[in-house]
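Enquirer: Here's a structure for you.
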Amino acid sequence: MIVIRISETDIRQALQKAVDILNYGGIIVYPTETFYGLGAKFDMEDSLKRLYELKKRPKEKAMPLIIGNKGLLPIVTASVNRTAMSLMDRFWPGPLTLILPAKENLSEYITAGTGKVAVRIPGESFALQLARAAEFPITSTSANISGIPPAQDAETVIRYFGDKIDLIIDGDPTSGGLPSTIVDVTEDEIKILREGVIKKELLTFI
């Protein structure tokens, strides 16, 4: 296990190391706007399987993704309707996860067999810089064993997973708080699946 402290390392070197490890099929932990996230490259089947096993995550639970720009959406989604585009324009980058129709070849570890994919461009954070540097979708599930509170610092990550993570990006403790709001926009009508940072009232005017 490698630990890189952002305060002691050039950010570009930290990003490059993280991208390299993801490309080689490794699993990383990185700070987001709220908690620490577990990252694997979206199309590495063995890595995704390992991630599920690390978290002890039920297979019926899909795995959310982050991307660095909207140009990457065609990699993971079959279509984006007008409602989804309006939400992206208003709230991305930020704490809004959109449920979209998944591409046919997307791993079932990502879709959980639903035919849908959860994706967002994260708000200002190391996660956003990572997604932009990688130029491919990355998993962004919380760094915890399922059913245990998500980690807000690297020490908690190590306590949860020991040396089973390939790389930990150690930033300042994250702010915690509410998670991203999750909205299903596979059809024209908005379906709010989880109200988080972005409140329901803000979404009803789209």
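Enquirer: Please specify each residue of segment 170-199 satisfying the condition of being in contact with a helix residue (DSSP H, G or I) (Cβ under 6 Å, 6 or more places away or on another chain) and closer than 22 Å to Ala40 by Cα.
Expert: Asp170, Gly171
Enquirer: What are the residues in segment 172-194 that are over 17 Å from the mean Cα position of the chain (by Cα) and part of a loop (DSSP other than H, G, I, E, B), if any?
Expert: Of everything in segment 172-194, those that are over 17 Å from the mean Cα position of the chain (by Cα) and part of a loop (DSSP other than H, G, I, E, B) turn out to be Asp172, Pro173, Val185, Thr186, Glu187, Asp188, Glu189, Ile190.
Enquirer: Would you check if Asp184 is acidic (Asp, Glu), in contact with a strand residue (DSSP E or B) (Cβ under 9 Å, 6 or more places away or on another chain), in contact (Cβ under 8 Å) with a residue 40 or more places away in the chain and crowded, with 18+ Cβ neighbours inside 10 Å? Let's see the steps before the verdict.
Expert: Values: acidic (Asp, Glu): yes; in contact with a strand residue (DSSP E or B) (Cβ under 9 Å, 6 or more places away or on another chain): yes; in contact (Cβ under 8 Å) with a residue 40 or more places away in the chain: yes; crowded, with 18+ Cβ neighbours inside 10 Å: no.
So Asp184 fails the test.
Enquirer: Go through segment 133-162 and count every residue that is of a type in the set (Gly, Ala, Ser), over 15 Å from Pro122 (Cβ atoms) and assigned to a helix (DSSP H, G or I).
Expert: Residues of segment 133-162 of a type in the set (Gly, Ala, Ser): 133-134, 140, 142-143, 146-147, 151, 154, 162.
Checking the rest, the ones that are also over 15 Å from Pro122 (Cβ atoms) come to 146-147, 151, 154, 162.
In the following step, the residues that additionally are assigned to a helix (DSSP H, G or I) were identified as 154.
The total comes to 1.
Enquirer: Looking at (1) modelled with pLDDT of 95 or more; (2) under 15 Å from Ile182 (Cβ atoms), find the lone condition where Thr83 falls short.
Expert: So Thr83 meets the others, but not (1).
Enquirer: Does Ala62 count as over 19 Å from Ile198 (Cα atoms) and of a type outside the set (S, T, N, Q)?
Expert: Working: over 19 Å from Ile198 (Cα atoms): yes; of a type outside the set (S, T, N, Q): yes.
Against the criterion (over 19 Å from Ile198 (Cα atoms) and of a type outside the set (S, T, N, Q)), Ala62 qualifies.
Enquirer: Let me ask another. List the pairs whose first member sits in segment 1-28 and is farther than 20 Å from Arg132 by Cβ and modelled with pLDDT under 95, whose second member is hydrophobic (A, V, I, L, M, F, W, C) and not in a helix (DSSP H, G or I), and whose Cβ atoms are under 6 Å apart, counting only residues at least 6 apart or on separate chains?
Expert: Close Cβ pairs satisfying both conditions: Met1/Ile165; Ile2/Leu167; Val3/Ile168.
Enquirer: Taking the condition modelled with pLDDT of 95 or more and in a loop (DSSP other than H, G, I, E, B), does Ile165 pass? Before the answer, list the steps.
Expert: Working: modelled with pLDDT of 95 or more: yes; in a loop (DSSP other than H, G, I, E, B): yes.
Yes: the conditions hold for Ile165.
Enquirer: Give segment 123-166 a look and list any residue that's buried (at least 21 other Cβ atoms within 10 Å of the Cβ) and closer than 17 Å to Asn23 by Cα, or say none.
Expert: Selection gives Ala127, Leu130, Ala131, Ala134, Pro137, Ile138, Thr139, Ser140, Ile165.
The values are calculated or read from the model by the stated rules, or taken from the named source; none is laboratory data. Source: prediction; values computed, not measured. Here Cβ is always computed from backbone atoms with ideal geometry, including for glycine, and neighbour counts include all displayed protein chains.
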